[in-house]
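Colleague: One structure follows; several queries about it will come next.
The values are calculated or read from the model by the stated rules, or taken from the named source; none is laboratory data. Because the structure is predicted, anything quoted here is derived from the model rather than measured. Positions of Cβ are generated from backbone atoms using ideal geometry, with glycine treated the same way; all protein chains shown enter the neighbour counts.
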Amino acid sequence: MNYKMIFKVLGYILLIIALGMVAPLIIAIINRQNDMIPFAITIMITTLIGFMLTRIKIVGNKIKIVCEGPVVAKKLFEYINNHPEIEDTISQSGYLKIYTTDLSNNFRKLGNLFLKSEIEPEVVSL
């Protein structure tokens with residue numbers, strides 16, 4: 001029996017179910033219903049389990065869950081080290097420039113809260 005394919009299909013089914021729960025969550029948030037937090041947690045857990053099931057790798061009798069995050073980070077580090085010309089185009093100062101088309105007090109307030117530092121957004125027109 002092809003367990004890898006079964007796990008992958010089950011994972012995709014869970015991801016589709018989680019996607020189907022997003023619209024009711026949005027309605028619950030709009031209507032400020034009390035069940036929105038448990039609903040959001042259910043969506044996150046379903047998404048996580050579905051994502052993990054699609055990443056399962058079976059080696060012999062052992063099942064491994066492949067996590068691509070560390071692999072991607074390692075390969076990106078190797079790529080940047082092998083291409084020194086990239087260092088000329090990327091910032092080394094860690095400076096963040098934020099552009100927006102509509103600057104409101106709420107934008108600045110939420111940006112400061114999210115980034116945990118003061119932001120100085122620049123207004124641009126498109």
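Colleague: Could you list all residues from region 7-48 that are under 15 Å from the mean Cα position of the chain (by Cα) and under 23 Å from residue 71 (Cβ atoms)?
Modeller: 15, 47, 48
Colleague: What are the residue pairs meeting all of these: first residue in region 104-126, first residue surrounded by 10 or more Cβ atoms within 10 Å (Cβ to Cβ), second residue part of a helix (DSSP H, G or I), Cβ atoms under 8 Å, and 6 or more apart or on different chains?
Modeller: 119/108; 119/111; 119/112; 121/107; 121/108; 121/111
Colleague: Could you check, for region 56-64, whether at least one of its residues is in contact with a strand residue (DSSP E or B) (Cβ under 6 Å, 6 or more places away or on another chain) and at pLDDT 80 or above?
Modeller: Looking for residues that are in contact with a strand residue (DSSP E or B) (Cβ under 6 Å, 6 or more places away or on another chain) and at pLDDT 80 or above, one finds none in region 56-64, hence no.
Colleague: May I pose another question? In region 3-12, is there at least one residue being out of contact with any Asp or Glu (no Cβ under 9 Å at 6 or more places or on another chain), at pLDDT below 80 and farther than 30 Å from residue 120 by Cα?
Modeller: Here is the first cut: in region 3-12, the residues out of contact with any Asp or Glu (no Cβ under 9 Å at 6 or more places or on another chain) are 3-12.
Imposing the further condition that a residue be at pLDDT below 80 reduces the set to 3-4.
Filter once more, so that each one left must be farther than 30 Å from residue 120 by Cα: 3-4.
Checking region 3-12: at least one residue is out of contact with any Asp or Glu (no Cβ under 9 Å at 6 or more places or on another chain), at pLDDT below 80 and farther than 30 Å from residue 120 by Cα.
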